[in-house]
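Read-outs throughout are calculated quantities, based only on the coordinates presented, and are distinct from any laboratory measurement. Given the structure is predicted, the values throughout are model-derived calculations rather than measurements. Reconstructed Cβ throughout: ideal geometry from the backbone, glycine too, with neighbour counts over all protein chains shown.
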Amino acid sequence: MTSRPLKSGTMKKTTGMDRAKTRNWRPATQAVRGGTWRSEHGETSEALFLTSGYTYDDAQTVADRFAGDAQGMTYSRLQNPTTGMLEERIALLEGAEACRAQASGMAAMTASLLCQLSAGDHCVAARAAFGSCRWLVDHLLPRFGIETTVIDSADTAAWEAAIKPNTKVFFFETPANPTLDVVDLKAVCAIAKAHGVTSVVDNAFAGPALQRPMEFGADVVAYSATKIMDGQGRVLAGAICSSEQWINEVLMPFQRNTGPTISAFNAWVVHKGLETLSLRSHQQSRNAVALGEFMEHRVVKAGGEMRHPGLASHPAHELARAQMDATGPIFAFDVGSRARAFAILDALELIDISNNIGDTRSLMCHPASTTHAGMEADARTEMGVTEGLLRINVGLEDIADLTEDMDRALSAAGV
Ligand SMILES: *Cc1c(COP(=O)(O)O)cnc(C)c1O
């Protein structure tokens with residue numbers, strides 16, 4: 001070890017491979033090796049750089065970096081090697097030119113909207129959305145003079161009909177949290193393009209191993225990386241992917257000056273989580289389909305409803321299969337009343353009551369009293385978050401244990 005072990009800016013990206021080559025790697029390889037920058041120590045596992053600042057070999061070096069004439073780190077609000085590795089790996093998995101990591105999913109959603117919208121602009125958004133995403137649309141944007149319209153996102157024609165001369169952004173999730181509405185990515189992104197509107201897709205429910213919206217024409221993909229990307233329920237994280245130009249010209253002025261930066265520690269955790277993203281995403285999807293098939297008949301017979309894009313009964317089952325590699329770990333079902341929903345939750349012995357998703361553990365919650373409790377009751381009902389709705393994230397447990405637990409819980413509630 002020398003006293004100055006690494007001359008600033010000398011980390012090797014992806015072990016000496018040139019980056020054009022790494023782009024050609026297939027997704028399973030990207031997940032394990034994409035975005036690996038090794039230091040002079042040759043560490044196998046990517047290093048965790050817990051540093052807020054950087055030092056420079058001479059005064060001109062730092063002046064050049066601040067002037068934008070030289071590459072290199074200047075301050076961890078703006079760049080950090082560990083965060084940089086995460087951003088490179090996510091961009092490669094997404095098939096995006098560029099990515100910027102964010103402190104949380106909501107930091108990513110807020111930044112991807114506020115960085116490009118100004119007073120007088122109009123944003124069309126999906127009615128069915130995560131509670132805080134709806135808060136941005138219903139409360140935050142209007143406070144800054146940005147007009148918003150919410151529509152039924154599964155109705156492709158409604159997107160076109162909502163466009164006005166000042167429409168600048170389409171904002172939606174697919175599948176949506178927690179109603180599992182599916183948006184026709186190709187059709188809706190094409191409508192956006194034809195009208196010069198920027199499409200912003202919240203891809204938290206699928207993740208890049210199962211759905212890559214940019215392949216269908218999305219301009220910006222925003223993530224809660226807290227969910228399936230970390231995948232083990234450890235840290236909050238977010239990400240925004242887009243073209244190099246959009247990231248540099250539209251997002252970065254907002255990002256560098258407002259600071260929704262991820263902690264390097266959290267970036268490191270997510271970066272390691274991505275190595276198993278594809279395996280987890282596919283196995284959890286298989287478990288979710290198996291559990292859904294096991295319980296569908298009983299839920300329907302009891303007068304309830306399944307909302308599971310992996311089942312043939314979902315109105316957009318074919319569309320989901322066409323635009324996703326697998327339908328994901330999450331589904332919802334309606335058992336008619338809050339009392340019955342609570343009875344099911346309280347009878348679970350294996351599956352945890354938890355409002356998190358994407359975890360390797362199976363987790364179940366009642367959205368109307370948790371993730372969507374902050375919304376007005378009318379708006380909640382209108383978007384399909386009914387009093388009897390339960391949402392489940394299906395984990396990696398043995399499917400026989402999961403079906404036994406669900407069987408017991410449904411029986412306890414008379415379903
Ligand atoms: C969880 C979630 C978010 C918010 O992400 P955080 O990491 O919790 O801030 C945004 N959108 C969707 C669809 C989510 O499920």
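Structure values in brief
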{"item": "Listed pairs Lys186/Lys301; Lys186/Lys227; Lys168/Lys272 exceeding 31 Å between Cα atoms", "result": "Lys186/Lys301; Lys168/Lys272"}
{"item": "Zone residues, the range 212-247, relative to Glu97, backbone N less than 20 Å from point 7 Å out along Cα-to-Cβ", "result": "212-223, 239-247"}
{"item": "Per-selection metrics, the range 217-358 (Cα): Rg and Dmax in Å", "result": "18.7, 55"}
{"item": "Share, in percent, of DSSP beta bridges within the range 47-275 that are antiparallel, nearest 5", "result": "35 percent"}
{"item": "Spatial separation of Cα centroids for the range 27-43 and the range 54-81, in angstrom", "result": "23 Å"}
{"item": "Cα-based helix-to-principal-axis angle, 399-412 vs the chain, degrees rounded to 10", "result": "40 degrees"}
{"item": "Where a label projected 7 Å from the Cα of Asn257 along Cα→Cβ would reach, residues of the range 96-137 with amide N under 17 Å", "result": "111-119"}
{"item": "Antiparallel %, DSSP beta bridges [both residues in the chain], to 5", "result": "55 percent"}
{"item": "Label point 7 Å beyond Cα of Glu43 along Cβ direction - residues of the range 265-279 with amide nitrogen under 15 Å", "result": "265-273"}
{"item": "Whole-angstrom gap from the range 96-115 to the range 221-278, using each part's C-alpha centre", "result": "7 Å"}
{"item": "Stokes-Einstein translational diffusion, the chain - Kirkwood Rh over all Cα pairs, 1.002 mPa s, 20 °C, in µm²/s", "result": "97 µm²/s"}
{"item": "Using alpha-carbon coordinates, inclination of helix 185-194 to the longest axis of the chain, degrees", "result": "60 degrees"}
{"item": "Per-selection metrics, the range 47-275 (Cα): Rg and Dmax in Å", "result": "17.7, 59"}
{"item": "Derived scalar couplings ³J(HN,Hα) [the range 280-296; Karplus, 6.51 cos²θ - 1.76 cosθ + 1.60; whole Hz; x for Gly, Pro]", "result": "5, 4, 6, 5, 5, 5, 4, 4, 5, 5, 4, 5, x, 5, 4, 9, 4"}
{"item": "Scattering curve values for the range 153-273, log₁₀ I(q)/I(0), Debye with Cα scatterers, q = 0.09, 0.11 Å⁻¹", "result": "-0.27, -0.41"}
{"item": "Between 0 and 90°, nearest 10: helix 81-94 axis offset from the chain longest Cα axis", "result": "50 degrees"}
{"item": "Efficiency of FRET from Cβ geometry, Lys301 and Tyr75, R₀ 56 Å, rounded to 0.05", "result": "0.40"}
{"item": "Among Thr149, Thr258, Thr179, residue whose mean-square fluctuation peaks in a GNM of the chain (springs only between Cα atoms under 10 Å)", "result": "Thr258"}
{"item": "Separation of alpha-carbon centers, the range 170-190 and the range 131-145, rounded to whole Å", "result": "19 Å"}
{"item": "Under-5 Å amide H pairs with Asp202, H placed in peptide plane, nonlocal only", "result": "Phe172, Glu173, Thr174, Ala222"}
{"item": "Burial ranking of peptide ranges 192-201, 33-42 (average Cβ count within 10 Å, highest at the top)", "result": "192-201, 33-42"}
{"item": "Fraction of beta bridges assigned by DSSP in the range 277-412 that are antiparallel (%, nearest 5)", "result": "85 percent"}
{"item": "Förster radius 30 Å - calculated FRET efficiency between Ala373 and Asp401, Cβ distance, rounded to 0.05", "result": "0.50"}
